[in-house]
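Inspection log for the structure reproduced underneath, given as structure tokens.
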Amino acid sequence: MEALDKDGIVALLNSEGSEMESLLQRALEVKLSHVGNSVHLRGLIEYSNICRKNCLYCGLRSGNRKLERYCISEEEVLSSALLAHELGYGSVAIQSGERDDPEFVRSIEHLVRKIKEIDGGSLGITLSLGEQSPETYRRWFEAGAHRYLLRIESSDEELYYKIHHKDSLHSFRRRLDCLESLEKTGYQVGTGVMVGLPFQRADHLASDLLFFKRMDVAMIGLGPYIPHPDTPLYRFRNLIPSPEKRMEMTLKMIAVARLMMPGINMVAATANQTIDPRGREKAIAAGANVIMPNLTPGEYRENYFLYPDKACVKDTPDQCQRCLDIRLAAIGHRIMYNEWGDSPAFLKKQATRQNGCPEDCSAEHRP
Ligand code: 5AD
Ligand code: SF4
Ligand code: FES
């Protein structure tokens, strides 16, 4: 594991040409030796595009009146989960715009329990449902969810408030509290940021990486920012790097994250595919090891419009599976079917919690 300081990280993030290539190569080697060449899948179910928040970059923001809102029925969620199981995906991820009303909380709890009934609990469940109370996180955990993704979006408070309103609904402090609460509840916690935001500099991204490390997260999901015309941040699109540069910076972020945290799970985000046709494979080759193929029923997909030109919106699960098999084989990787694919980082942390320190545990983890 490399102990990098902020200046060292900034230097890596600014690397170009052959220096950048050797960073990506080094990250690939570290990944292969810690988590191997297998890629775990999480079948993605985009449950609802109804959102109470108004994030300045996101197409699902409540202020976007152009979007037709939906919420998938229980039957449809369960048939998508069943499909994930039949395709051997091992896990599902339920993602949604943010809601915290009792009906929503109950529905998710119920759905998690129902998904857990499939084949004796064989599917792992990741939730990505935003900021909730500790009580809600606990209910969903007890129902059977065991991973939770909540991106910090930016760990720099000033930048955070350039991309969110500064009000009680979009509080930076609350987001940090939620990440802590998820950790305490016992979830494998994932966080991440968008790369290439207006006003974002390399030193912001370096701080993000140090934040992930400090939080000792089990998973990271980061991807390029893609300007959405129906959002307020769109007017700053001239300030952001080109798609090629955003792709490169995303790959360097993934690579440095892998060097700093060799045992984590890292998602090759769909947004990579939007700005580069080989974006997801490139992310895998730079250190990512998880892909989230879309299993949302076709009729809803176009309305889960986080950003324009999302990949695979028109492809069926069968097509994506064949496509992924071929693309991953071409870069010497293979899909791990029928496994939850928990990160070695989390398994080690769990062992530490239960039995004290494992033998190979580094001093910084010792209780
Ligand atoms: N570009 C890239 N990613 C985005 N997200 C939301 N809007 C955009 C965008 N315009 C990501 C955020 C959020 C997740 C649901 O989608 O990081 O956490
Ligand atoms: Fe809602 Fe999440 Fe989009 Fe913010 S980023 S508007 S919370 S869906
Ligand atoms: Fe969906 Fe290639 S992964 S079409």
- So what does log10 I(q)/I(0) come out to for the stretch 144-273 at q = 0.09, 0.13 Å⁻¹, using the Debye formula with one equal point on every Cα and no solvent? -0.25, -0.53
- Note on the structure: Site Arg52, offset 7 angstrom along Cα→Cβ, radius 16 Å on amide nitrogen, limited to the stretch 170-190, gives 170-172, 174-175, 178
- Note on the structure: Here the equivalent ellipsoid of the chain, derived from its Cα gyration tensor, has semi-axes (largest first, whole Å) of 27, 25, 22
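May I ask you to compute the full-extension gain from Asn14 to Glu302, defined as 0.36 nm times their residue separation minus their alpha-carbon distance, rounded to one decimal in nm?
100.1 nm
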- Item | Cα-derived Rg to Rh of the stretch 10-82, Kirkwood definition | 1.21
- Query: With each label point set 7 Å from Cα along the Cα-Cβ vector, what nm distance links Glu117 and Arg327?
  - Reply: 3.5 nm
- Message: Test of understanding: what is the full-extension gain from Thr316 to Ser133, defined as 0.36 nm times their sequence separation minus their Cα-Cα distance?
- Response: 62.3 nm
- Amide H to amide H, which residues 5 or more places from Met266 or on other chains are under 5 Å from it, using H placed in the peptide plane? Ile220, Asn289, Val290
- Which of the peptides 301-308, 140-147 is most tightly packed, and how do the rest follow, judged by the mean count of other Cβ atoms within 10 Å per residue? 140-147, 301-308
- Along the charge dipole of the stretch 25-150, Cβ charges K/R +1 and D/E -1, which of Tyr89, Tyr57, His40 sits furthest on the positive end? Tyr57
- Task: Jot down the per residue volume, in cubic angstrom and as a whole number, of the convex hull over the alpha-carbon atoms of the stretch 211-356.
- Result: 146 Å³
- Going down the list Lys6/Lys162; Lys162/Lys245; Lys116/Lys349; Lys116/Lys314, which pairs span over 26 Å between their C-alpha atoms? Lys116/Lys314
- Message: Calculate the FRET efficiency for Tyr234 and Asn37 from the Cβ-Cβ distance with a Förster distance of 41 Å, rounded to the nearest 0.05.
- Response: 0.60
- Message: Assuming 0.36 nm per residue, please report the length gained on full extension of the stretch Glu142 to Glu180 beyond their Cα-Cα distance.
- Response: 11.9 nm
- Item | Cα-only Debye scattering, the stretch 59-172: base-10 log of I(q)/I(0) at q = 0.12, 0.17, 0.22 Å⁻¹ | -0.51, -0.93, -1.27
- Within the chain, which complete DSSP H helices have Cα atoms spanning at least 15 Å along the helix axis and a mean Kyte-Doolittle hydropathy of 0.0 or higher? 74-86, 202-215, 243-260
- Task: Assign unit charges at the C-beta atoms only (+1 for Lys and Arg, -1 for Asp and Glu), then state the dipole size of the stretch 241-367 relative to its Cα centre in Debye, rounded to the nearest 20.
- Result: 240 debye
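Taken together, the values in this text are just the output of simple stated rules run on the coordinates, not laboratory data. Please read all numbers here as calculations on a predicted model, not as lab measurements. Cβ: placed from backbone, ideal geometry, glycine included. Neighbour counts: every protein chain shown.
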